[in-house]
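Q: The structure under discussion is supplied below as structure tokens; questions concerning it will follow.
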Amino acid sequence: MILTVTPNPSLDRTYEVPALDRGEVLRATAERMDPGGKGVNVSRAVAAAGRRTVAVLPLGGAPGALVAELLAQQGIEVAPVPVAGATRSNIALAEPDGTLTKINAPGPELTGAESEALLATVRARIGAHAGAGAGTGRDGDAVTWIACCGSLPRGLAPEWYAELVARAHEAGARIALDTSGPSLLAALRERPDVVKPNAEELAQAVGRPLATVGDAVKAAEELRTYGAAAVLASLGADGQLLVTETGTYFGSATVTSVRSNVGAGDASLAGFLAAGGEGPAALASAVAHGAAAVQLPGSVMPSPGDLDLSAVTVTADVPLDRLLTEPAS
Ligand SMILES: Nc1ncnc2c1ncn2[C@@H]1O[C@H](COP(=O)(O)OP(=O)(O)OP(=O)(O)O)[C@@H](O)[C@H]1O
Ligand SMILES: [Mg+2]
């Protein structure tokens with residue numbers, strides 16, 4: 001069972017507009033609502049892979065209720081943590097040529113009690129599933145991984161993820177962390193089992209630009225010295241790196257047409273965890289999920305039928321001198 005934690009989820013509203021004219025009244029030709037947030041995406045992709053998942057989310061107000069309802073419709077189990085502030089609504093304006101303009105709201109400020117309730121809910125979920133024993137049916141699924149994803153809402157200290165890692169480890173679960181900036185650096189001290197930075201986040205974490213795959217390997221190794229047990233670094237079109245205690249692997253896939261890279265990193269992390277969360281086979285699954293995700297519209301998560309493992313190459317012979325197509329500053 002893979003538990004996901006999204007501290008700042010959203011109700012994503014997408015409006016299709018003919019053109020983006022500043023200062024004008026734009027008439028949308030279509031609109032849709034989706035539950036949003038990086039951990040929510042991971043849960044959607046894990047569920048699509050046929051694995052059990054529960055999404056832990058602080059939810060408040062009418063938008064929060066809608067997020068819960070939309071996830072329930074998609075068959076995704078939610079462990080809601082009620083909060084006083086309303087869950088944020090993010091707006092996306094989609095133009096016919098595929099250009100997406102997004103407005104992300106800050107979201108509610110969580111109180112100290114709500115912050116603690118979120119940690120306690122994760123801890124209780126690990127306990128509940130571990131206590132039932134593995135292999136005894138749905139409720140007996142042990143929590144194998146906790147994926148903590150995205151930025152922290154106001155009110156949560158940068159050390160909040162560090163605290164979550166510590167408590168999850170005490171309870172015997174493994175932690176995958178996909179965040180950036182000070183909250184990533186603070187959490188490294190608690191030795192998360194895997195972190196998934198993209199190239200920009202990796203460059204920011206080590207404080208220097210990345211021009212080659214070798215630069216990314218060095219940066220990932222540095223994150224290991226700060227405490228990460230393994231680093232799954234996603235390098236956009238160039239593929240992904242897995243740097244662990246036992247080896248370094250590079251994975252890539254041929255993709256002919258890219259429709260949307262939104263959520264490709266989230267799909268990759270889900271693919272990695274659903275395939276066991278370690279070693280080259282899990283990296284291959286991560287790359288297959290990333291490649292499939294970019295060929296699907298919006299943040300649609302891939303299903304098994306979308307995956308093409310035969311298009312994926314994983315090698316321990318890392319092309320260190322290869323220039324990154326999207327260098328990170
Ligand atoms: N243009 C592309 N062509 C082919 N594959 C891609 C492309 N962009 C992304 N991918 C695949 O998806 C993976 C994840 O993408 P990326 O590194 O952009 O993640 P990310 O920035 O964390 O994304 P997000 O946070 O929006 O989910 C890549 O490692 C790669 O396997
Ligand atoms: Mg990402």
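We did not get these values from a lab; they are worked out from the coordinates using the rules stated. All figures in this text were calculated on a predicted structure; none of them were measured in a lab. We place every Cβ from the backbone using ideal geometry, glycine too, and count neighbours over all the protein chains shown.
Q: Which of the residues belonging to region 181-200 are within 14 Å of ligand 2 (Cβ to nearest atom) and in contact with a strand residue (DSSP E or B) (Cβ under 7 Å, 6 or more places away or on another chain)?
A: To start, the set of residues in region 181-200 that are within 14 Å of ligand 2 (Cβ to nearest atom) comprises 181, 183-184, 194-200.
Passing the criteria: LEU184, VAL194, VAL195, LYS196, PRO197, ASN198, ALA199, GLU200.
Q: Hey, can you tell me all the residues within region 282-316 that are touching a strand residue (DSSP E or B) at 6+ places or on another chain (Cβ under 8 Å) and more than 30 Å from LEU11 (Cα to Cα)?
A: Keep residues of region 282-316 that are touching a strand residue (DSSP E or B) at 6+ places or on another chain (Cβ under 8 Å), which gives 282-284, 286-288, 290-291, 298-299, 308, 311-316.
Answer for region 282-316, where residues must be touching a strand residue (DSSP E or B) at 6+ places or on another chain (Cβ under 8 Å) and more than 30 Å from LEU11 (Cα to Cα): ALA282, LEU283, ALA284, ASP308, ALA311, VAL312, THR313, VAL314, THR315, ALA316.
Q: Tally the residues that are closer than 20 Å to PRO280 by Cα and either of a type in the set (S, T, N, Q) or within 19 Å of the chain's Cα centre (by Cα) (or both), restricting the search to region 201-258.
A: Residues that pass the stated criteria total 24.
Q: Hey, any hits in region 122-131 for a residue that's within 21 Å of LEU283 (Cα to Cα), buried (at least 21 other Cβ atoms within 10 Å of the Cβ) and either in contact with a Leu (Cβ under 7 Å, 6 or more places away or on another chain) or touching a residue at least 60 places away in the same chain (Cβ under 8 Å) (or both)?
A: As a first pass, look at region 122-131 and keep what is within 21 Å of LEU283 (Cα to Cα): none.
No, there is no match, as no residue in region 122-131 is within 21 Å of LEU283 (Cα to Cα), buried (at least 21 other Cβ atoms within 10 Å of the Cβ) and either in contact with a Leu (Cβ under 7 Å, 6 or more places away or on another chain) or touching a residue at least 60 places away in the same chain (Cβ under 8 Å) (or both).
Q: Let me ask something else. Does SER257 satisfy the condition of being farther than 22 Å from GLY37 by Cα, within 13 Å of ligand 1 (Cβ to nearest atom), outside any loop (DSSP other than H, G, I, E, B) and of a type in the set (S, T, N, Q)? Outline the logic, then answer.
A: Values: farther than 22 Å from GLY37 by Cα: yes; within 13 Å of ligand 1 (Cβ to nearest atom): yes; outside any loop (DSSP other than H, G, I, E, B): no; of a type in the set (S, T, N, Q): yes.
No; evaluated as a whole, the condition is false for this residue.
Q: Could you list, in sequence order, all residues of region 1-55 that are outside any strand (DSSP E or B), among the small types (Gly, Ala, Ser) and within 23 Å of TYR161 (Cβ to Cβ)? Walk me through it before giving the result.
A: Pass one, region 1-55, residues outside any strand (DSSP E or B): 1, 6-9, 17-29, 37-52.
From what is left, the residues that are among the small types (Gly, Ala, Ser) are 19, 23, 28, 37, 39, 43, 45, 47-50.
Passing the criteria: GLY37, GLY39, SER43, ALA45.
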